[in-house]
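Handing you a structure now.
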Amino acid sequence: MMNNLDKWDWDTGIKQVADLSAWQEQFSYIEEFRASPDGESVAAIVKNEEMEFTVCRQDFGNDEPETWENGYDKVWNLRFGPDGRLSALVSDVGEWTVCTDDEAWENGYDFVWNMTIAPQDGTVAVSTQKELAYCAVNNDVPWQNSFSRLTDMVISPDAKNTAAVVETIPVLEGEIFKFRKGCYSVAVNGTPWKENFMNAWDPVFSANSSSVAATVRTSYKDYYIAVDGKTWNTSFDSAWAPLFSPAGNSVTAPVKKDGKWYLAKDGDLIWNTPYAQLWHHIYSADGKRIAAIVAPEFGKWTISVDNAPWQVTFSEYVSDPVFSPDGTSVACVFKEKGKWGIAVDGKVWKDRFDMAYPPVFSNDGMSVAAKVEMGGFYHYVLNGEILDSRYKSVEPPLFSHDSSKIMIRGLQLNDWKRDVVAINRRRI
(Lines give C-alpha, C1' and ligand atoms only; values in the text may rest on other atoms or scores of the structure.)
Protein backbone atom coordinates (compact mmCIF):
# COMPACT_ATOMS: atom_id res chain seq x y z
CA MET A 1 0.00 0.00 0.00
CA MET A 2 2.73 2.46 0.94
CA ASN A 3 4.39 2.04 -2.45
CA ASN A 4 1.25 3.35 -4.13
CA LEU A 5 0.90 6.52 -2.06
CA ASP A 6 2.54 8.74 -4.65
CA LYS A 7 0.19 7.44 -7.36
CA TRP A 8 -3.01 8.47 -5.56
CA ASP A 9 -4.91 11.71 -6.05
CA TRP A 10 -3.56 14.06 -3.36
CA ASP A 11 -5.22 17.27 -4.54
CA THR A 12 -6.64 19.01 -1.49
CA GLY A 13 -10.39 19.09 -1.08
CA ILE A 14 -13.37 16.84 -0.53
CA LYS A 15 -14.61 14.01 -2.74
CA GLN A 16 -18.06 12.66 -1.99
CA VAL A 17 -17.57 8.96 -2.65
CA ALA A 18 -21.13 7.82 -1.88
CA ASP A 19 -24.47 9.13 -0.66
CA LEU A 20 -25.30 6.49 1.93
CA SER A 21 -28.91 7.63 2.31
CA ALA A 22 -29.48 5.80 -1.00
CA TRP A 23 -27.96 2.68 0.56
CA GLN A 24 -30.27 2.98 3.54
CA GLU A 25 -33.29 3.08 1.23
CA GLN A 26 -32.06 0.03 -0.69
CA PHE A 27 -30.86 -2.20 2.15
CA SER A 28 -32.59 -3.12 5.42
CA TYR A 29 -29.29 -3.92 7.12
CA ILE A 30 -25.84 -2.30 6.80
CA GLU A 31 -22.74 -2.82 8.96
CA GLU A 32 -18.93 -2.62 8.89
CA PHE A 33 -18.26 0.34 6.61
CA ARG A 34 -14.77 0.10 5.12
CA ALA A 35 -12.80 2.49 2.90
CA SER A 36 -10.28 1.45 0.27
CA PRO A 37 -6.64 2.39 0.92
CA ASP A 38 -6.79 5.27 -1.58
CA GLY A 39 -10.13 6.49 -0.22
CA GLU A 40 -11.80 6.23 -3.64
CA SER A 41 -14.19 3.42 -2.62
CA VAL A 42 -16.45 2.52 0.30
CA ALA A 43 -17.92 -0.90 1.08
CA ALA A 44 -20.11 -2.52 3.73
CA ILE A 45 -21.87 -5.74 4.64
CA VAL A 46 -25.57 -5.56 3.67
CA LYS A 47 -28.67 -7.74 3.32
CA ASN A 48 -29.96 -8.13 -0.24
CA GLU A 49 -33.53 -8.56 -1.48
CA GLU A 50 -33.42 -12.29 -0.62
CA MET A 51 -32.45 -11.30 2.96
CA GLU A 52 -29.03 -12.87 2.50
CA PHE A 53 -25.83 -11.21 3.64
CA THR A 54 -23.56 -9.88 0.93
CA VAL A 55 -21.18 -6.98 0.22
CA CYS A 56 -21.96 -3.62 -1.36
CA ARG A 57 -19.32 -1.31 -2.83
CA GLN A 58 -19.41 2.12 -4.42
CA ASP A 59 -16.48 3.78 -6.17
CA PHE A 60 -15.99 7.51 -6.59
CA GLY A 61 -17.60 8.64 -9.83
CA ASN A 62 -20.22 5.87 -9.85
CA ASP A 63 -23.74 7.03 -8.98
CA GLU A 64 -24.98 3.57 -8.02
CA PRO A 65 -23.53 1.05 -5.57
CA GLU A 66 -22.62 -2.42 -6.80
CA THR A 67 -23.56 -5.51 -4.82
CA TRP A 68 -21.91 -8.91 -4.96
CA GLU A 69 -24.02 -11.38 -6.92
CA ASN A 70 -23.64 -14.11 -4.31
CA GLY A 71 -25.43 -14.07 -0.97
CA TYR A 72 -24.52 -15.91 2.24
CA ASP A 73 -25.88 -16.96 5.61
CA LYS A 74 -23.34 -14.62 7.19
CA VAL A 75 -20.56 -12.26 6.10
CA TRP A 76 -17.97 -11.24 8.67
CA ASN A 77 -14.72 -9.28 8.98
CA LEU A 78 -14.91 -7.30 5.73
CA ARG A 79 -11.57 -5.73 4.81
CA PHE A 80 -9.82 -4.07 1.88
CA GLY A 81 -6.44 -5.40 0.87
CA PRO A 82 -3.55 -3.15 -0.20
CA ASP A 83 -4.48 -3.80 -3.84
CA GLY A 84 -8.05 -2.53 -3.34
CA ARG A 85 -9.65 -5.98 -3.38
CA LEU A 86 -12.34 -6.78 -0.79
CA SER A 87 -12.11 -9.92 1.32
CA ALA A 88 -14.43 -11.32 3.99
CA LEU A 89 -15.23 -14.50 5.87
CA VAL A 90 -18.49 -15.99 4.56
CA SER A 91 -20.77 -18.81 5.64
CA ASP A 92 -22.93 -20.76 3.20
CA VAL A 93 -25.11 -23.62 4.51
CA GLY A 94 -22.99 -23.80 7.64
CA GLU A 95 -19.65 -23.97 5.82
CA TRP A 96 -17.17 -21.12 6.21
CA THR A 97 -14.59 -19.90 3.73
CA VAL A 98 -12.94 -16.71 2.41
CA CYS A 99 -14.45 -14.64 -0.37
CA THR A 100 -12.47 -12.01 -2.30
CA ASP A 101 -14.27 -9.72 -4.74
CA ASP A 102 -17.23 -12.13 -4.86
CA GLU A 103 -15.07 -15.17 -5.60
CA ALA A 104 -15.14 -17.74 -2.80
CA TRP A 105 -12.31 -20.14 -2.09
CA GLU A 106 -12.87 -23.72 -3.23
CA ASN A 107 -12.15 -25.14 0.23
CA GLY A 108 -14.73 -24.83 3.00
CA TYR A 109 -14.46 -25.36 6.77
CA ASP A 110 -16.55 -25.74 9.90
CA PHE A 111 -15.05 -22.47 11.11
CA VAL A 112 -12.56 -19.88 9.88
CA TRP A 113 -10.96 -17.09 11.91
CA ASN A 114 -7.94 -14.81 12.28
CA MET A 115 -8.03 -13.55 8.67
CA THR A 116 -4.69 -11.91 7.94
CA ILE A 117 -4.07 -9.87 4.79
CA ALA A 118 -0.42 -9.37 3.86
CA PRO A 119 0.31 -5.65 3.39
CA GLN A 120 2.73 -6.37 0.54
CA ASP A 121 0.52 -8.14 -2.00
CA GLY A 122 -2.90 -8.83 -0.47
CA THR A 123 -2.28 -12.52 0.25
CA VAL A 124 -4.99 -13.82 2.60
CA ALA A 125 -4.24 -16.37 5.32
CA VAL A 126 -6.65 -17.80 7.90
CA SER A 127 -6.87 -20.32 10.71
CA THR A 128 -9.39 -23.10 10.06
CA GLN A 129 -11.13 -26.02 11.72
CA LYS A 130 -12.87 -28.90 9.96
CA GLU A 131 -14.07 -32.07 11.66
CA LEU A 132 -12.01 -31.15 14.74
CA ALA A 133 -8.81 -30.86 12.68
CA TYR A 134 -7.04 -27.50 12.64
CA CYS A 135 -4.68 -25.99 10.08
CA ALA A 136 -3.70 -22.69 8.46
CA VAL A 137 -4.67 -21.85 4.89
CA ASN A 138 -2.76 -19.43 2.67
CA ASN A 139 -4.57 -18.21 -0.47
CA ASP A 140 -6.85 -21.28 -0.43
CA VAL A 141 -3.90 -23.68 -0.03
CA PRO A 142 -4.21 -25.57 3.28
CA TRP A 143 -1.35 -27.11 5.18
CA GLN A 144 -0.81 -30.76 4.34
CA ASN A 145 -0.80 -31.56 8.05
CA SER A 146 -3.60 -30.76 10.49
CA PHE A 147 -3.60 -30.70 14.29
CA SER A 148 -5.92 -31.17 17.26
CA ARG A 149 -5.41 -27.52 18.29
CA LEU A 150 -4.02 -24.38 16.63
CA THR A 151 -3.57 -20.80 17.85
CA ASP A 152 -1.57 -17.64 17.15
CA MET A 153 -1.31 -18.01 13.35
CA VAL A 154 0.99 -15.45 11.68
CA ILE A 155 2.07 -14.81 8.10
CA SER A 156 5.67 -14.16 7.05
CA PRO A 157 6.85 -10.77 5.73
CA ASP A 158 7.16 -12.18 2.21
CA ALA A 159 3.59 -13.56 2.52
CA LYS A 160 4.74 -17.04 1.40
CA ASN A 161 4.79 -18.79 4.78
CA THR A 162 2.55 -19.22 7.81
CA ALA A 163 3.32 -20.35 11.33
CA ALA A 164 1.17 -21.19 14.35
CA VAL A 165 1.23 -22.81 17.76
CA VAL A 166 -0.08 -26.38 17.44
CA GLU A 167 -0.85 -29.33 19.67
CA THR A 168 1.44 -32.06 18.37
CA ILE A 169 0.36 -34.68 20.94
CA PRO A 170 -3.39 -34.66 21.69
CA VAL A 171 -3.96 -34.15 25.40
CA LEU A 172 -7.17 -34.22 27.42
CA GLU A 173 -7.89 -31.79 30.24
CA GLY A 174 -7.15 -34.34 32.95
CA GLU A 175 -3.90 -35.67 31.49
CA ILE A 176 -1.65 -33.51 33.66
CA PHE A 177 1.49 -35.65 33.46
CA LYS A 178 1.20 -35.93 29.70
CA PHE A 179 0.84 -32.14 29.52
CA ARG A 180 3.95 -31.65 31.65
CA LYS A 181 6.05 -33.71 29.24
CA GLY A 182 5.20 -31.30 26.43
CA CYS A 183 2.43 -31.49 23.85
CA TYR A 184 2.80 -28.16 22.03
CA SER A 185 5.15 -26.77 19.42
CA VAL A 186 5.28 -24.34 16.51
CA ALA A 187 4.42 -25.47 12.98
CA VAL A 188 5.78 -23.64 9.94
CA ASN A 189 3.82 -24.31 6.76
CA GLY A 190 2.33 -27.31 8.55
CA THR A 191 5.63 -28.87 9.64
CA PRO A 192 6.09 -28.74 13.43
CA TRP A 193 9.39 -28.21 15.16
CA LYS A 194 10.92 -31.47 16.37
CA GLU A 195 10.89 -30.13 19.94
CA ASN A 196 7.73 -30.18 22.08
CA PHE A 197 7.01 -27.85 24.99
CA MET A 198 4.54 -27.53 27.84
CA ASN A 199 3.26 -24.33 26.17
CA ALA A 200 4.15 -22.06 23.28
CA TRP A 201 2.99 -18.55 22.43
CA ASP A 202 3.45 -15.65 20.03
CA PRO A 203 5.39 -17.04 17.06
CA VAL A 204 7.06 -14.40 14.91
CA PHE A 205 8.98 -14.52 11.61
CA SER A 206 12.34 -12.93 10.95
CA ALA A 207 12.51 -10.01 8.52
CA ASN A 208 13.78 -12.30 5.75
CA SER A 209 11.00 -14.86 6.48
CA SER A 210 13.54 -17.67 7.00
CA SER A 211 13.26 -18.19 10.78
CA VAL A 212 10.57 -18.29 13.47
CA ALA A 213 10.88 -17.49 17.17
CA ALA A 214 8.34 -18.06 19.95
CA THR A 215 7.96 -17.97 23.71
CA VAL A 216 7.90 -21.46 25.22
CA ARG A 217 7.64 -23.08 28.63
CA THR A 218 9.39 -26.34 29.51
CA SER A 219 8.10 -26.53 33.08
CA TYR A 220 5.83 -24.52 35.34
CA LYS A 221 8.70 -22.14 36.17
CA ASP A 222 11.07 -22.29 33.19
CA TYR A 223 10.35 -19.97 30.27
CA TYR A 224 12.56 -19.71 27.20
CA ILE A 225 12.63 -18.11 23.79
CA ALA A 226 12.93 -20.74 21.08
CA VAL A 227 14.29 -19.96 17.61
CA ASP A 228 13.53 -22.56 14.95
CA GLY A 229 12.87 -25.00 17.79
CA LYS A 230 16.12 -24.43 19.68
CA THR A 231 15.79 -22.68 23.03
CA TRP A 232 18.05 -20.00 24.43
CA ASN A 233 20.65 -21.33 26.84
CA THR A 234 19.09 -19.32 29.68
CA SER A 235 15.65 -19.86 31.20
CA PHE A 236 13.60 -17.14 32.90
CA ASP A 237 10.74 -16.92 35.38
CA SER A 238 8.48 -15.62 32.60
CA ALA A 239 8.72 -14.06 29.14
CA TRP A 240 6.65 -12.02 26.73
CA ALA A 241 6.54 -12.10 22.92
CA PRO A 242 9.90 -12.16 21.10
CA LEU A 243 10.96 -10.10 18.08
CA PHE A 244 13.67 -10.47 15.46
CA SER A 245 15.81 -7.44 14.81
CA PRO A 246 15.05 -5.91 11.39
CA ALA A 247 18.81 -5.61 10.92
CA GLY A 248 19.64 -9.31 11.39
CA ASN A 249 18.60 -12.58 12.98
CA SER A 250 19.17 -11.67 16.63
CA VAL A 251 16.07 -12.11 18.83
CA THR A 252 14.95 -9.97 21.74
CA ALA A 253 12.21 -10.50 24.33
CA PRO A 254 11.02 -9.09 27.66
CA VAL A 255 11.97 -11.56 30.42
CA LYS A 256 11.37 -11.85 34.14
CA LYS A 257 14.17 -12.65 36.54
CA ASP A 258 14.11 -12.53 40.36
CA GLY A 259 10.77 -10.76 40.34
CA LYS A 260 11.78 -7.97 37.92
CA TRP A 261 11.52 -7.51 34.16
CA TYR A 262 14.35 -6.88 31.72
CA LEU A 263 14.96 -6.96 27.97
CA ALA A 264 17.07 -9.86 26.76
CA LYS A 265 18.82 -10.51 23.46
CA ASP A 266 19.73 -14.05 22.41
CA GLY A 267 19.52 -15.11 26.06
CA ASP A 268 21.55 -12.26 27.63
CA LEU A 269 20.16 -9.17 29.33
CA ILE A 270 20.71 -6.00 27.30
CA TRP A 271 18.51 -3.68 29.37
CA ASN A 272 19.85 -4.15 32.88
CA THR A 273 17.41 -1.72 34.51
CA PRO A 274 14.92 -3.71 36.60
CA TYR A 275 11.28 -2.85 35.84
CA ALA A 276 8.10 -3.85 37.61
CA GLN A 277 6.86 -4.75 34.10
CA LEU A 278 8.22 -4.57 30.56
CA TRP A 279 6.35 -5.72 27.48
CA HIS A 280 5.28 -4.96 23.90
CA HIS A 281 8.71 -3.90 22.68
CA ILE A 282 9.18 -2.58 19.13
CA TYR A 283 12.10 -1.82 16.82
CA SER A 284 12.80 1.21 14.70
CA ALA A 285 12.77 0.44 10.97
CA ASP A 286 16.57 0.21 10.80
CA GLY A 287 16.75 -2.01 13.88
CA LYS A 288 19.03 0.37 15.75
CA ARG A 289 16.57 1.45 18.44
CA ILE A 290 14.12 -0.37 20.71
CA ALA A 291 11.14 0.99 22.62
CA ALA A 292 8.89 -0.82 25.07
CA ILE A 293 6.00 -0.28 27.44
CA VAL A 294 7.40 -0.36 30.97
CA ALA A 295 6.37 0.17 34.58
CA PRO A 296 9.34 1.65 36.51
CA GLU A 297 7.30 0.87 39.62
CA PHE A 298 3.95 -0.75 40.27
CA GLY A 299 1.02 1.20 38.83
CA LYS A 300 3.14 3.69 36.86
CA TRP A 301 3.29 3.08 33.12
CA THR A 302 5.37 4.79 30.46
CA ILE A 303 7.56 4.21 27.39
CA SER A 304 11.25 3.36 27.59
CA VAL A 305 13.40 4.05 24.53
CA ASP A 306 16.78 2.33 24.51
CA ASN A 307 16.31 1.71 28.24
CA ALA A 308 15.67 5.41 28.97
CA PRO A 309 12.12 5.77 30.39
CA TRP A 310 10.09 8.87 29.72
CA GLN A 311 9.74 11.09 32.77
CA VAL A 312 5.94 11.16 32.43
CA THR A 313 4.00 8.14 33.74
CA PHE A 314 0.37 7.04 33.52
CA SER A 315 -1.61 5.20 36.17
CA GLU A 316 -4.03 3.16 34.04
CA TYR A 317 -2.80 2.11 30.62
CA VAL A 318 -0.24 2.54 27.83
CA SER A 319 -0.57 0.86 24.43
CA ASP A 320 0.24 0.98 20.71
CA PRO A 321 3.79 2.37 20.77
CA VAL A 322 5.09 3.27 17.31
CA PHE A 323 8.38 4.60 15.97
CA SER A 324 8.53 7.33 13.39
CA PRO A 325 9.86 6.05 10.03
CA ASP A 326 13.26 7.64 10.69
CA GLY A 327 13.44 6.16 14.19
CA THR A 328 13.86 9.50 15.97
CA SER A 329 10.47 9.65 17.73
CA VAL A 330 8.01 7.37 19.51
CA ALA A 331 4.28 7.92 20.06
CA CYS A 332 1.74 5.94 22.08
CA VAL A 333 -1.81 5.83 23.43
CA PHE A 334 -2.39 6.23 27.18
CA LYS A 335 -5.27 6.19 29.64
CA GLU A 336 -5.35 8.36 32.74
CA LYS A 337 -8.28 9.10 35.08
CA GLY A 338 -10.72 7.33 32.79
CA LYS A 339 -9.79 9.35 29.70
CA TRP A 340 -7.57 8.54 26.72
CA GLY A 341 -4.78 10.59 25.20
CA ILE A 342 -1.72 10.61 22.95
CA ALA A 343 1.90 11.15 23.99
CA VAL A 344 4.89 11.76 21.71
CA ASP A 345 8.48 11.56 22.99
CA GLY A 346 7.26 11.93 26.55
CA LYS A 347 5.18 15.04 25.80
CA VAL A 348 1.46 14.68 26.40
CA TRP A 349 -1.07 16.23 24.05
CA LYS A 350 -3.36 18.59 25.96
CA ASP A 351 -6.77 17.08 25.13
CA ARG A 352 -8.38 13.93 26.53
CA PHE A 353 -10.83 11.71 24.69
CA ASP A 354 -13.46 9.03 25.22
CA MET A 355 -11.21 6.78 23.12
CA ALA A 356 -7.93 7.16 21.25
CA TYR A 357 -6.60 4.88 18.52
CA PRO A 358 -3.03 4.08 17.42
CA PRO A 359 -1.07 7.19 16.36
CA VAL A 360 0.37 7.45 12.85
CA PHE A 361 3.56 9.28 11.84
CA SER A 362 4.11 11.07 8.56
CA ASN A 363 6.94 9.74 6.41
CA ASP A 364 9.29 12.53 7.47
CA GLY A 365 8.45 11.96 11.15
CA MET A 366 7.50 15.62 11.63
CA SER A 367 3.74 15.07 12.06
CA VAL A 368 1.60 12.70 14.10
CA ALA A 369 -2.12 12.08 13.69
CA ALA A 370 -4.61 9.86 15.47
CA LYS A 371 -8.25 8.93 15.26
CA VAL A 372 -10.13 9.78 18.47
CA GLU A 373 -13.68 9.59 19.78
CA MET A 374 -15.48 12.39 21.62
CA GLY A 375 -19.16 12.63 22.49
CA GLY A 376 -20.19 9.85 20.14
CA PHE A 377 -18.33 11.25 17.11
CA TYR A 378 -14.91 10.61 15.62
CA HIS A 379 -12.29 13.28 14.99
CA TYR A 380 -8.69 13.49 13.85
CA VAL A 381 -6.04 15.01 16.07
CA LEU A 382 -3.05 16.35 14.15
CA ASN A 383 0.07 17.36 16.06
CA GLY A 384 -2.04 17.87 19.17
CA GLU A 385 -4.75 19.97 17.51
CA ILE A 386 -8.27 18.61 17.02
CA LEU A 387 -9.49 19.03 13.45
CA ASP A 388 -12.93 20.63 13.44
CA SER A 389 -14.80 18.16 11.22
CA ARG A 390 -16.51 15.28 13.01
CA TYR A 391 -17.57 11.92 11.61
CA LYS A 392 -19.96 9.07 12.43
CA SER A 393 -17.29 6.63 11.28
CA VAL A 394 -13.72 7.22 10.16
CA GLU A 395 -10.72 5.20 9.04
CA PRO A 396 -7.19 5.68 10.46
CA PRO A 397 -5.30 8.71 9.10
CA LEU A 398 -3.05 8.53 6.03
CA PHE A 399 -0.23 10.91 5.15
CA SER A 400 0.88 11.73 1.63
CA HIS A 401 4.24 10.42 0.47
CA ASP A 402 5.82 13.89 0.84
CA SER A 403 4.22 14.33 4.30
CA SER A 404 2.57 17.62 3.30
CA LYS A 405 -1.04 16.39 3.42
CA ILE A 406 -3.33 14.11 5.38
CA MET A 407 -6.25 12.06 4.04
CA ILE A 408 -9.49 11.60 5.99
CA ARG A 409 -11.84 8.79 4.96
CA GLY A 410 -15.12 8.86 6.83
CA LEU A 411 -18.88 9.14 7.14
CA GLN A 412 -20.22 12.66 7.69
CA LEU A 413 -24.00 12.98 7.96
CA ASN A 414 -25.05 10.52 5.20
CA ASP A 415 -22.07 11.10 2.92
CA TRP A 416 -18.95 8.93 2.78
CA LYS A 417 -16.17 11.41 2.04
CA ARG A 418 -12.51 11.47 1.13
CA ASP A 419 -10.95 14.70 2.36
CA VAL A 420 -7.34 15.71 1.68
CA VAL A 421 -6.08 18.46 3.98
CA ALA A 422 -2.82 20.40 3.82
CA ILE A 423 -0.91 20.04 7.06
CA ASN A 424 0.33 23.63 7.22
CA ARG A 425 -3.16 24.92 8.07
CA ARG A 426 -5.90 23.93 10.45
CA ARG A 427 -9.30 22.84 9.23
CA ILE A 428 -11.78 25.72 8.95
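Give the residue list of chymotrypsin sites (Phe, Trp or Tyr not before Pro) in the range 186-266 that are DSSP loop and have at most 11 other beta-carbon atoms within 10 angstrom. Show your work: numbers first, answer last.
Numbers: sites: Trp193, Phe197, Trp201, Phe205, Tyr220, Tyr223, Tyr224, Trp232, Phe236, Trp240, Phe244, Trp261, Tyr262; in loops: Trp193, Tyr220, Trp232, Trp240.
Answer by residue number: Tyr220.
Work out how much length Asn189 to Asp266 would gain on full extension: take 0.36 nm times their residue separation and subtract the Cα-Cα distance, in nm to one decimal. Display every interim value, and only then the final one.
Details: separation 77, 0.36 × 77 = 27.72 nm, distance 2.46 nm.
Taking Asn189 through Asp266 to full extension adds about 25.3 nm, to one decimal.
Write out the GluC sites (Glu not before Pro) in the range 132-207 meeting two conditions: DSSP loop, and at most 13 other Cβ atoms within 10 Å of their Cβ.
Working: sites: Glu167, Glu173, Glu175, Glu195; in loops: Glu173, Glu175, Glu195.
Counting only loop positions with at most 13 other Cβ atoms within 10 Å, the GluC sites (Glu not before Pro) in the range 132-207 are Glu173, Glu175.
Answer rounded, prolate or oblate for the range 56-163, using the Cα gyration tensor with square roots of eigenvalues a ≥ b ≥ c: rounded when a/c is under 1.5, else prolate when a/b is larger than b/c, else oblate. It would help to have the intermediate numbers written out before the result.
Working: a/c = 2.90, a/b = 1.47, b/c = 1.97.
Note, shape of the range 56-163 comes out oblate.
Is the C-alpha gyration tensor of the range 355-428 telling us rounded, prolate or oblate? Criteria: a/c under 1.5 is rounded; beyond that, a/b larger than b/c is prolate, otherwise oblate. Could the numbers behind the result be given before it?
On the way: a/c = 1.81, a/b = 1.46, b/c = 1.24.
The shape class here is prolate.
Right, here's the next one. With n ≥ 4 as the cut-off for DSSP H runs, can you work out [θ] at 222 nm for the chain, using -39500 (n - 2.57) per run divided by the number of residues, rounded to the nearest 500?
Values: 2 runs with 13 residues, N = 428.
It lands at -500 deg cm²/dmol.
In addition: Of all the accessible heavy-atom surface of the chain, with the other protein chains kept in place and a 1.4 Å probe, what percent is carbon and sulfur? Spell out each step's value before the answer.
Numbers: 9540 of 19980 Å².
It is 48 percent, rounded to a whole number.
Let me ask you something else. What nm distance separates the two modelled labels at Ala276 and Lys350, each placed 7 Å from Cα along Cα→Cβ?
Result: 3.1 nm between the two label points.
Let me ask you something else. What does the charge count near Cys183 come to, summing +1 for each Lys or Arg and -1 for each Asp or Glu among other residues with Cβ under 11 Å from its Cβ? Mind dumping the intermediate values first?
Details: positive: Arg149, Lys178, Arg180, Lys181; negative: Glu167, Glu175.
Local net charge: +2.
A further question follows. In the P(r) worked out for the chain, what percent of Cα pairs fall beyond 27 Å?
Numbers: 54715 of 91378 pairs.
Percentage above 27 Å: 60.
How much FRET efficiency would the formula 1/(1 + (r/R0)^6) give for Glu49 and Val141, where r is the Cβ-Cβ distance and R0 is 30 Å, rounded to 0.05? Walk me through the numbers on the way to the answer.
Values: r = 35 Å, r/R0 = 1.17.
Using R0 = 30 Å, I get an efficiency of 0.30.
What ratio of Cα Rg to 2.2 N^0.38 Å holds for the range 158-306?
Working: Rg = 15.8 Å, N = 149, 2.2 N^0.38 = 14.7 Å.
Compactness ratio reported: 1.07.
What does the charge count around Asn138 come to, taking other residues whose C-beta lies under 15 Å from its C-beta (Lys +1, Arg +1, Asp -1, Glu -1)? Please report the intermediate quantities before stating the final value.
Working: positive: Lys160; negative: Glu106, Asp121, Asp140, Asp158.
Here the count lands on -3.
Where nothing but the Cβ of Lys and Arg (+1) and of Asp and Glu (-1) is charged, how large is the charge dipole of the chain around its Cα centre, in debye to the nearest 20? Can you show the working numbers first?
Numbers: 41 positive and 60 negative charges, 451 e Å.
The dipole of the chain has a size of about 2160 debye.
Taking all protein chains together and a probe of 1.4 Å, list Met407, Met366 from the most accessible to the least accessible. Don't jump to the answer; show the numbers that get you there.
Numbers: Met407 0, Met366 145 Å².
From most exposed to least exposed: Met366, Met407.
With every protein chain left in place, what is the accessible area per residue of the chain in square angstrom, probe 1.4 Å? Each step should come with its number before you reach the end.
On the way: 19980 Å² over 428 residues.
Counting only protein heavy atoms, the per-residue value for the chain is 47 Å².
Could I ask something else about it? Count charges around Ala125 for me, please; just the other residues with Cβ under 15 Å from its Cβ, Lys/Arg as +1, Asp/Glu as -1. Write down the numbers at each step before the final one.
Numbers: positive: Arg79, Arg85, Lys160; negative: Asp121, Asp140, Asp152, Asp158.
Charge balance in the 15 Å sphere: -1.
Sort the range 291-362 into rounded, prolate or oblate with this rule: let a ≥ b ≥ c be the square roots of the eigenvalues of the Cα gyration tensor; rounded if a/c is under 1.5, and if a/c is not under 1.5, prolate when a/b is larger than b/c, oblate otherwise. Could the numbers behind the result be given before it?
Numbers: a/c = 2.03, a/b = 1.11, b/c = 1.84.
The shape class here is oblate.
Which pairs in the list Lys74/Lys335; Lys230/Lys288; Lys7/Lys347; Lys221/Lys300 are over 29 Å apart, alpha-carbon to alpha-carbon? Can you show the working numbers first?
Working: Lys74/Lys335 36 Å; Lys230/Lys288 25 Å; Lys7/Lys347 34 Å; Lys221/Lys300 26 Å.
Lys74/Lys335; Lys7/Lys347, as the Cα separations exceed 29 Å there.
If you don't mind, another one. Could you give the distance between the Cα centres of the range 1-51 and the range 322-398, to the whole Å?
Each part's Cα centre sits 23 Å from the other's.
Tell me, what HN-Hα J-couplings in whole Hz come from the Karplus equation 6.51 cos²θ - 1.76 cosθ + 1.60 at θ = phi - 60° for each residue of the range 76-91, using x for Gly and Pro?
Calculated HN-Hα couplings, in order: 9, 6, 5, 8, 7, x, x, 8, x, 7, 9, 10, 7, 8, 10, 10 Hz.
Further question: When the chain is fully extended, how far beyond the present Cα-Cα distance does Lys257 get from Asp364, taking 0.36 nm per residue of separation? Before the final figure, lay out each step's value.
Working: separation 107, 0.36 × 107 = 38.52 nm, distance 3.88 nm.
Result for the pair: 34.6 nm of gain on full extension.
The values are calculated or read from the model by the stated rules, or taken from the named source; none is laboratory data. These numbers come from a predicted model, not from an experiment. Note: ideal-geometry Cβ built from the backbone for every residue, glycine included; neighbour counts use all protein chains shown. To get the accessible areas, we keep the full protein, side chains included, count just its heavy atoms, and leave off ligands, DNA and RNA. Shrake-Rupley method; radii C 1.70, N 1.55, O 1.52, S 1.80 Å.
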